[in-house]
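Asker: Structure provided below as C-alpha cells; questions to follow.
The values are calculated or read from the model by the stated rules, or taken from the named source; none is laboratory data. The model shown is predicted, which means the values in this text are computed figures rather than measured ones. Glycine gets a Cβ as well: all are built from the backbone with ideal geometry, and neighbour counts include every protein chain shown.
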Amino acid sequence: MTKVRAAITGIAAMVPPYILTNKELEMMVDTSDEWITTRTGIKERHILKGDGLGTSEMGSAAVKELLKKTGTSPDEIDLLICATVTPDMIFPATANIISNKAGIKNAFSFDMNAACSGFLFAVATGSKYIESGTSKKVIIVGADKMSSITDYTNRDTCVLFGDAGGAILLEPATDDCGIMDSILLADGSGQPYLHMKAGGSSRPPSHETIDGKEHFVYQEGQAVFKFAVTKMADISAEIMGRNNLTGEDIAWLVPHQANLRIIEATARRMGIGKNKVMINIERYGNTTTATIPLCLWEWEHKLKKGDNIILAAFGGGFTWGSIWVKWAYDS
Ligand code: UT7
C-alpha cells in the first residue's frame, strides 16, 4: 500500500496595518536603529491595535482568506490546529474561537504551544491525521499577538517582537509531494532562559505579579542565542543528511525569524546560499508561530511544484524542529 502524504495546498496570512518602526522605539526606550539592525536584522514590526482584539482576530482573517483562496467551504474542514503562545484567553482554545469566526462547524480544533516551533509541531501533528486517513482537510494556523506580552519599557525584548497570523491547508497528496519528513525535539531544562513568569497555574495573576511585570516575555538573550544557533543548524543538517539531500537539492530554507545572525549561521551549516533563504525579519520582527507561514505566504508566487523546502525553527521550551516539504503546486 502506498503511503498517503499530507500536502500543503494553500496558504494565507494576516498582518495588522500598524507599523512600529525602530525610529519610534528610539523614542520609547534607550535603543537605536543601528543597534537593532546590526544585532537582530529587524527594521520594523506590525502591531495589532484595537480594544478586545486578540490572536484569533489575525488567525481567523488568515483562515477566511485561505478558504476563499482555495475554494474550500468551511464545512469541509475536519480539523483546525492553532499554534500560539498568546491565546485569546487561557481557555477555551483559540483554535475554537478561530473556527467559530470562520464558520467552521464540522471540525474539531485545539491549540498547540511549542513557542516559536509551534507551527512546525502543528504541521507535523496535522499531517499525521491526513496520513492515517482520519482527516481530509486540515488547517494549521500560526498566530501570535506578541505585543500583548511585550514590555515596551524593556529594551531587551520590546525591539524583537511583532504580531501576525498565517494559515495553511493540508490535504492528501495526489503524487509524490507534501510533508516528506520531520524531526521535532524539546528540552524542558531551557525553561529558565525564555518564559513568561506569571499568569499560569504555578503563579496566578496577582497585584504582585502585575507590579513585578511578570506577565511579559522574559528572555536571557545570549543563552537562548547559543542554543538556537546550534540546534536550528544541527536539526536542519540532520534532516538533510538522513534524506540524502545536499544544499544543491534545496530550493528554499524557511527559517524561524528570530535573529538574522541565527538564520545566516543555519544557512551556512546547510551549504545553502543566501539567495535561497526566505528572510523577511526586517519587516515583521519575530512573530513567534507566524514567522514560517508569513515567509511561505510572501514567497508563494516563486514556489514551484517539486521544490524541496526545509522549514526550521527554535523556540522557548526549548523546542526545535525541521520539516522537509516537497512543494505540491505551481502558484
Ligand atoms: O524566537 C525564540 C528564540 N529566541 C531567539 O532565538 C533570540 C536569541 N537571542 C538573540 O537574538 C540575541 O541574544 C538578542 C537580539 C536578544 C540580543 O543580542 P545580543 O547580541 O545577545 O545582545 P546582549 O543581550 O548580549 O546585549 C549586549 C548589550 C548589553 O549592554 P552591555 O551589558 O554590553 O552594556 C545590553 O544591555 O546590548 C544592550 N542592549 C541594547 N542596547 C540597545 C540590549 N538590548 C538593547 C537594545 N538597544 N534594544
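Asker: Go through (1) in a helix (DSSP H, G or I); (2) touching a Leu at 6+ places or on another chain (Cβ under 9 Å) for Ile272 and report which single condition fails.
Answerer: That leaves (1) as the condition not met.
Asker: Applying the selection to segment 1-48, what residues are of a type in the set (Gly, Ala, Ser) and buried (at least 18 other Cβ atoms within 10 Å of the Cβ)?
Answerer: Result: Ala6, Ala7, Gly10, Ala12, Ala13, Gly41.
Asker: Moving on. Can you name the strands (runs of 3 or more DSSP E) wholly within segment 150-267 that have at least 3 residues being away from the ligand (no atom under 13 Å from the Cβ)?
Answerer: 163-172, 178-186, 252-255
Asker: So which residues in segment 199-235 are touching a Pro at 6+ places or on another chain (Cβ under 8 Å) and surrounded by 19 or more Cβ atoms within 10 Å (Cβ to Cβ), if there are any at all?
Answerer: Scanning segment 199-235 gives a single hit, Met232.
Asker: Filter segment 54-110 down to the residues that are of a type in the set (Asp, Glu) and farther than 30 Å from Gly200 by Cβ, then identify the one that is surrounded by the fewest Cβ atoms within 10 Å (Cβ to Cβ).
Answerer: Asp75
Asker: Looking at Thr209, Thr174, which is the one that is under 30 Å from Lys3 (Cα atoms) and among the hydroxyl-bearing types (Ser, Thr, Tyr)?
Answerer: Thr174
Asker: Also, I was wondering about something else. Suppose we keep only residues that are polar (S, T, N, Q) and more than 10 Å from the ligand (Cβ to nearest atom) within segment 268-288. Which one would you say is farthest from Lys226 (Cα to Cα)?
Answerer: The qualifying residue farthest from Lys226 (Cα to Cα) is Asn275.
Asker: Could you identify the single residue in Ala102, Ala124, Ala114 that is touching a Ser or Thr at 6+ places or on another chain (Cβ under 6 Å), within 16 Å of the ligand (Cβ to nearest atom) and either β-branched (Val, Ile, Thr) or under 25 Å from Val254 (Cβ atoms) (or both)?
Answerer: Exactly one of Ala102, Ala124, Ala114 is touching a Ser or Thr at 6+ places or on another chain (Cβ under 6 Å), within 16 Å of the ligand (Cβ to nearest atom) and either β-branched (Val, Ile, Thr) or under 25 Å from Val254 (Cβ atoms) (or both), namely Ala114.
Asker: Which of (1) of a type outside the set (D, E, K, R); (2) touching a residue at least 60 places away in the same chain (Cβ under 8 Å); (3) surrounded by fewer than 24 Cβ atoms within 10 Å (Cβ to Cβ) is the odd one out, the single condition Gly273 does not satisfy?
Answerer: Single failed check for Gly273: (2).
Asker: Restrict the check to segment 280-297 and report whether at least one residue is part of a strand (DSSP E or B), buried (at least 23 other Cβ atoms within 10 Å of the Cβ) and outside the structural domain of Ser147 (by TED's automatic domain parsing).
Answerer: Checked segment 280-297: at least one residue is part of a strand (DSSP E or B), buried (at least 23 other Cβ atoms within 10 Å of the Cβ) and outside the structural domain of Ser147 (by TED's automatic domain parsing).
Asker: Kindly list the number of the only condition in (1) in contact with a helix residue (DSSP H, G or I) (Cβ under 9 Å, 6 or more places away or on another chain); (2) more than 22 Å from Gly221 (Cα to Cα) that fails for Met27.
Answerer: It is condition (1) that Met27 fails.
Asker: Could you pull out the residue among Ala164, Ala186 that is crowded, with 18+ Cβ neighbours inside 10 Å and closer than 30 Å to Ala6 by Cβ?
Answerer: Ala164
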